[in-house]
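The structure appears right after this line, and notes come after that.
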Amino acid sequence: MSVQTVDFTAPGEVTVGDHTFVYAVPPPSSNQFGTPPVFKSRVLIEQLDELLREVEPRRIVEFGIFRGGSISLSAAIAQPEKLVAFDLSDNELPVLRAHLEQAGLADVVRPFLGVDQGDQVVVEILNREFGTEPLDLVIDDASHIFGPTRRTLEMVFPLLREGGMYVIEDWAAEHTLLATVLRSIVDRSTEWKAHAEAIAGNLDGIDDELAGLMRGPNPSETDVQRAARRVGAVNVDRPLSRLALELVHLSAETADIVRSVEITQGWIKITRGAGVIDGTAWFERGSIDLFESLRS
Ligand SMILES: C[S@@+](CC[C@H](N)C(=O)[O-])C[C@H]1O[C@@H](n2cnc3c(N)ncnc32)[C@H](O)[C@@H]1O
């Protein structure tokens, strides 16, 4: 099947074929269309649409399901053979399940709940789901934290075909959060409630008590700092932007493996080269400490 057309039919609404999705950052919890909400801005949805048209992926993997909006949207646009997705939260997703049934996608879209993106079980599941077939596209919109994001990349990037794409979303979130969002919550400026809700959304299923405090009327500065640390927003030693730098180094040293790295405000987009990858140590060659060790 060919890639389906995307229409932005109304503010905050996007239609693909027979299905209309509601999107926002963060999105409302329910809507009249019976589809799972998409936790993305219009710009990111346009970028996703462009990517799906470029790659025409048959086999997709996504990390970070939330309510199931982005995996349903990707499947509606790309019409893949299979899309396997993972989320740390094990909260059941009845709206997603009902939508997949109704759209005839229950066998195509396979959500795995209660799975940490950096866990070795991810590779076991992918081997079971795809056999020896290589992946065309991987989208990581899960933790946005350096450690798990890097581990997932080390494990899953080798499973891509030559020319396949690996996207890490929201790599600049820590910078944005630190610069604007955290300050707005502490100062109670105009958008603070929406920002606090967004942070609470990232804590759901991870730290429900803290998520509750962030949704409360008056989170204290300490609550905000704890929440920010918990979602990796204040990982000052290893922000996710460091991974972008490591990938740039890696593309310089091993262009046969990392063919290109494209960085936009929302994405790190990595294209797989034809080189053979043996194990997970391949990534160490991109360590940003290389020049440090030469100097010493
Ligand atoms: C921004 S939301 C995903 C939004 C979704 N892709 C969309 O566009 O609708 C991030 C999700 O990642 C999940 N998550 C956070 N840390 C994770 C981890 N270590 N492993 C897997 N999922 C994780 C959260 O539970 C949350 O549902």
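Derivation of every value follows stated rules applied to the coordinates shown; laboratory data play no part. Please read all numbers here as calculations on a predicted model, not as lab measurements. Because the Cβ atoms are built from the backbone with ideal geometry, glycine has one as well, and the counts that use them run over all protein chains shown.
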Problem - Qualifying positions in the stretch 140-173 - among the charged types (D, E, K, R), within 14 Å of the ligand (Cβ to nearest atom) and in contact (Cβ under 8 Å) with a residue 40 or more places away in the chain - result: ASP140, ASP141, ARG150, GLU169, ASP170
Handout entry: Qualifying positions in the stretch 31-54 - in a loop (DSSP other than H, G, I, E, B), in contact (Cβ under 8 Å) with a residue 24 or more places away in the chain and either in contact with a strand residue (DSSP E or B) (Cβ under 7 Å, 6 or more places away or on another chain) or more than 13 Å from the ligand (Cβ to nearest atom) (or both)
Key = GLY34, THR35, PRO37, LYS40
Practice task
Could you please let me know if ARG53 is buried (at least 16 other Cβ atoms within 10 Å of the Cβ), out of contact with any His (no Cβ under 9 Å at 6 or more places or on another chain) and of a type outside the set (Phe, Trp, Tyr)?
Solution key: no
Practice task
Could you tell me which numbered condition ALA75 fails, if it satisfies all but one of (1) out of contact with any helix residue (DSSP H, G or I) (no Cβ under 6 Å at 6 or more places or on another chain); (2) closer than 18 Å to GLU129 by Cβ; (3) more than 16 Å from the ligand (Cβ to nearest atom)?
Solution key: (3)
Practice task
Go through the stretch 61-72 residue by residue and tally those that are β-branched (Val, Ile, Thr) and either within 8 Å of the ligand (Cβ to nearest atom) or part of a helix (DSSP H, G or I) (or both).
Solution key: 2
Problem - Residues of the stretch 188-214 satisfying the condition of being surrounded by fewer than 16 Cβ atoms within 10 Å (Cβ to Cβ) and more than 15 Å from the ligand (Cβ to nearest atom) - result: ARG188, SER189, THR190, GLU191, LYS193, GLU209, GLY212
Exercise for the section: Check LEU93 against each of (1) closer than 19 Å to ILE270 by Cα; (2) touching a residue at least 24 places away in the same chain (Cβ under 8 Å) and name the one condition it does not meet. Expected result: (1)
Problem - From the options THR176, THR190, residue that is more than 18 Å from the chain's Cα centre (by Cα) and of a type in the set (Ser, Thr, Tyr) - result: THR190
